[in-house]
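Trainee: Pasting a structure here, questions to come.
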Amino acid sequence: MATTTVIIPVLNEAPHIEKLLAPLADIDVIVVDGGSTDNTLALLADLNAKVIQGSRGRARQMNAGAAEATGDILIFLHADTCLPEGWQNDLQDFTDSKKIWGRFNVQFDETTPAFSVIAFMMNWRSRLTGICTGDQAIFVRRSVFDKLDGFADIPLMEDIDISRRLRRESWPYCIPGKATTSARRWRARGLTRTVLHMWWYRLQYFFGVSPERLVKSYYS
């Protein structure tokens, strides 16, 4: 039977880390800290997870976690996303298939009509294009991840980049159970502004603007 390792990159996630890890108590988990300055590491000391240090940057942190992983299937989980109940059974269906990678459907922890529509569009877009985002908890067979040399060492769009490369090997497998991702960043910035912000940067990336150039203004 295939084994699974969940890899979680974190940076200053003290308010959320316990909630994130509680459902993963019996799972092989590697948390990769990118230099937290809050109470994240102290909290992790009391939780059931292997913790390693990695160079800051989600792609680098996830690659560092993959290098330490022993699972046949790697799940890359954002710190503000929780896997759905029954995900292990659904993942077993994936391992029994011929697919090499996939993602979960996603929903927000805020179930207003606006967020429900955004989640629907995210899932629909992935079904249509085969491109997945980190919020959808991308998973991949370890052998394929190694073959592709993991995530590109770029400061943004690492999920889009690896989706494109994996898509050349096979279309993603979709687990219908919905991972729940936090709407906190959307609320903080404003819903409309965040949607426009994300699409604008993805459009620029699509037309060849480098992640290194995009990141200079992404967090402003």
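Trainee: Calculated from DSSP H runs of 4 or more alone, at -39500 (n - 2.57) each and per residue, what is the 222 nm mean residue ellipticity of the chain, nearest 500? Don't jump to the answer; show the numbers that get you there.
Mentor: Numbers: 10 runs with 93 residues, N = 220.
The helix-only estimate for the chain comes to -12000 deg cm²/dmol at 222 nm.
Trainee: Of the trypsin sites (Lys or Arg not before Pro) in the stretch 129-220, which ones lie in a loop per DSSP and count no more than 10 other C-beta atoms within 10 Å?
Mentor: When the trypsin sites (Lys or Arg not before Pro) of the stretch 129-220 are filtered for loop state and at most 10 Cβ neighbours within 10 Å, Arg168 remain.
Trainee: List the lysines whose Cα sits under 18 Å from the Cα of Lys98, skipping any in the same chain fewer than 8 residues away.
Mentor: Here the lysines satisfying the reach criterion relative to Lys98 are Lys147.
Trainee: Oh, and also: Within the chain, what percent of beta bridges assigned by DSSP are antiparallel, to the nearest 5?
Mentor: The answer is about 25 percent antiparallel.
Trainee: Place the peptides 129-136, 113-120 in order of packing, highest mean first, counting for every residue the other Cβ atoms within 10 Å and averaging per peptide.
Mentor: Working: 129-136: 20.8, 113-120: 14.6.
Highest to lowest by the protection proxy: 129-136, 113-120.
Trainee: Just one of (i) 153, 47, 23; (ii) 68, 46, 35; (iii) 42, 41, 35 is Cα extents along the principal axes in Å as worked out from the coordinates here. Which one is it?
Mentor: Evaluating Cα extents along the principal axes in Å on these atoms matches (iii).
Trainee: Another question, then. For a quick protection proxy, order the peptides 37-48, 148-159, 56-67 by their average other-Cβ count within 10 Å, most packed first.
Mentor: My ranking of the peptides, most packed first, is 56-67, 148-159, 37-48.
Trainee: Further question on the same structure: Mind checking the stretch 181-220 for chymotrypsin sites (Phe, Trp or Tyr not before Pro) that DSSP puts in a loop (not H, G, I, E or B) and that have at most 15 other Cβ atoms within 10 Å?
Mentor: Hits after loop and neighbour filter: Phe207, Tyr219.
Trainee: Expressed as a whole percentage, what fraction of the accessible surface of the chain belongs to carbon and sulfur atoms when a 1.4 Å probe is rolled over the protein heavy atoms?
Mentor: 54 percent
Trainee: Here's another thing I want to ask about it. For Lys99, Lys50, write out the residues from largest to smallest accessible area, computed with a 1.4 angstrom probe and no ligands counted. Each step should come with its number before you reach the end.
Mentor: Values: Lys99 65, Lys50 90 Å².
Reading off the accessible areas and sorting them downward yields Lys50, Lys99.
Trainee: At 1.4 Å probe size, with every protein chain present, just tell me what the per residue accessible area of the stretch 26-144 comes to in Å².
Mentor: 44 Å²
The values are calculated or read from the model by the stated rules, or taken from the named source; none is laboratory data. Since the model is a prediction, treat every value here as computed from it, not as a measurement. Here the Cβ is made from the backbone with ideal geometry for all residues, glycine too, and neighbour counts use every protein chain on show. Note: accessible area is taken over every heavy atom of the protein model, side chains too, but ligands, DNA and RNA are not part of it. Shrake-Rupley method; radii C 1.70, N 1.55, O 1.52, S 1.80 Å.
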